[in-house]
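So the structure is just underneath, and the comments pick up after that.
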Amino acid sequence: MNTLERIAKEMVVSGKGIIAADESAGTCQKRFEAVGVPCTEENRRAYRETLLSAPNLEQFVSGIILYDETIRQETSEGEAFTAVLEKKGILPGIKVDAGAKELALHAGEKVTEGLDGLRERLAEYRTLGAKFAKWRAVITIGKGIPSNACIDANAHAMARYAALCQEAGIVPIVEPEVLIDGEHSIEQCYEASVAILKRTFEELAGQGVALEGTILKASMVISGKKAAQQSTIEEVARETIRALKETVPAKLAGVVFLSGGQGDEQATEHLNAMNAMDKLPWPLSFSYARAIQNPVLKIWAENPNANVGKAQAALVFRSRMNSLATQGKYSSEMERERPY
């Protein structure tokens, strides 16, 4: 087993998932402002330290995706964040894309940028301790979209990114996110999901990317937030699995899901329902950001100096709930135990 394959297997090992703590400074500012905390570099560092140093987090979390600023930061005692994670046995990851920008000649659609200079950045990130990376594409459902042009452009960019990662000895996470915003039905989401996934794996094959050393970060197939008819837990589980079976090769190392604006418990319930179904070719786990961090940030923000322990307890609890969901062992009754 080569190094890439070994790391990829560690990322989706049974009972563990990935926390996405890779919010850009702009996204972080919005979230900090929403809870009344100034988005200073020191506050961002202190909040990240709260996340990364949580006791026993390693029981439920295999990796944490960091942002460029975060992978260079240290604890209040001067220890590199990546060293803190490595001591816990948690793999450090890094977001490497430069964000989704307007796609020329295609109103309402975006393409992710960041390939320029990526080889050099990956080499640096590896020296900083990164074991895996992430690249997010954004697919919007609307009138006449997603277009083939949008799907092709994003799939090709993800494949080139993945090839550069593997060249650098870093496991790529490819994330073709189908946005939950809008009025679309679950059927429309299914069609868009299948289209982008199918094209992505065609492009990955075209670039020679080894799927045994690659992770897919997938959206769940779900109706839009403003849809007249909302999806049930069973529908989301069934349609998501159907889309994956139709498009994802069996040799892929694993699938982790993004929460994409779902509620905290909702995201856990959907993941649990999928893992309670028939055995699948790949492990299904989580790579949540807000669906794990929501209660943590609120508790920490109430008193950043005094509430670190309470915030960490909330983080470990939500991670444990999602760990159980990766095994199909979660139940909503367990939420009564939550420490927040």
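Summary of computed values
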item	result
Where a residue in segment 165-186 is under 18 Å from LYS198 (Cβ atoms) and its partner, wherever it lies, is at pLDDT below 95, with Cβ under 7 Å and at least six apart	GLU177/GLY260
Every residue from segment 69-83 that is of a type in the set (Ser, Thr, Tyr), touching a residue at least 40 places away in the same chain (Cβ under 8 Å) and touching an Asp or Glu at 6+ places or on another chain (Cβ under 8 Å)	THR70
Residue list for segment 1-24, restricted to those being surrounded by fewer than 21 Cβ atoms within 10 Å (Cβ to Cβ), touching a helix residue (DSSP H, G or I) at 6+ places or on another chain (Cβ under 7 Å) and part of a helix (DSSP H, G or I)	GLU5
Options ILE299, ILE241: the member that is closer than 20 Å to LEU57 by Cα and either assigned to a strand (DSSP E or B) or of a type in the set (Val, Ile, Thr) (or both)	ILE299
Matching residues in segment 31-41 - criterion: being surrounded by 11 or more Cβ atoms within 10 Å (Cβ to Cβ), assigned to a helix (DSSP H, G or I) and of a type outside the set (Gly, Ala, Ser)	ARG31, PHE32, GLU33
GLY169 touching a Leu at 6+ places or on another chain (Cβ under 8 Å), farther than 19 Å from ALA291 by Cα and part of a loop (DSSP other than H, G, I, E, B)	yes
Yes/no for ALA162 being over 30 Å from GLU235 (Cα atoms), assigned to a helix (DSSP H, G or I) and touching a helix residue (DSSP H, G or I) at 6+ places or on another chain (Cβ under 7 Å)	yes
Looking only at segment 234-268, and only at residues there that are polar (S, T, N, Q) and within 24 Å of PRO172 (Cβ to Cβ), the one that is surrounded by the most Cβ atoms within 10 Å (Cβ to Cβ)	THR240
Search result, residues across segment 61-107 that are farther than 20 Å from GLY169 by Cβ and either buried (at least 23 other Cβ atoms within 10 Å of the Cβ) or β-branched (Val, Ile, Thr) (or both)	VAL61, THR70, THR75, PHE81, VAL84
Output for segment 137-164, where each listed residue is surrounded by 23 or more Cβ atoms within 10 Å (Cβ to Cβ) and in contact with a Phe, Trp or Tyr (Cβ under 8 Å, 6 or more places away or on another chain)	MET158, TYR161, ALA162
Selection from segment 100-146 of residues that are outside any strand (DSSP E or B), closer than 17 Å to ASP181 by Cα and touching a residue at least 24 places away in the same chain (Cβ under 8 Å)	GLY108, GLU109, THR140, ILE141, PRO146
Matching entry among THR112, THR127 (being farther than 28 Å from LYS226 by Cβ and hydroxyl-bearing (Ser, Thr, Tyr))	THR127
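The values are calculated or read from the model by the stated rules, or taken from the named source; none is laboratory data. In this text the structure is predicted, and so the values were computed from the model without any measurement. Here the Cβ is made from the backbone with ideal geometry for all residues, glycine too, and neighbour counts use every protein chain on show.
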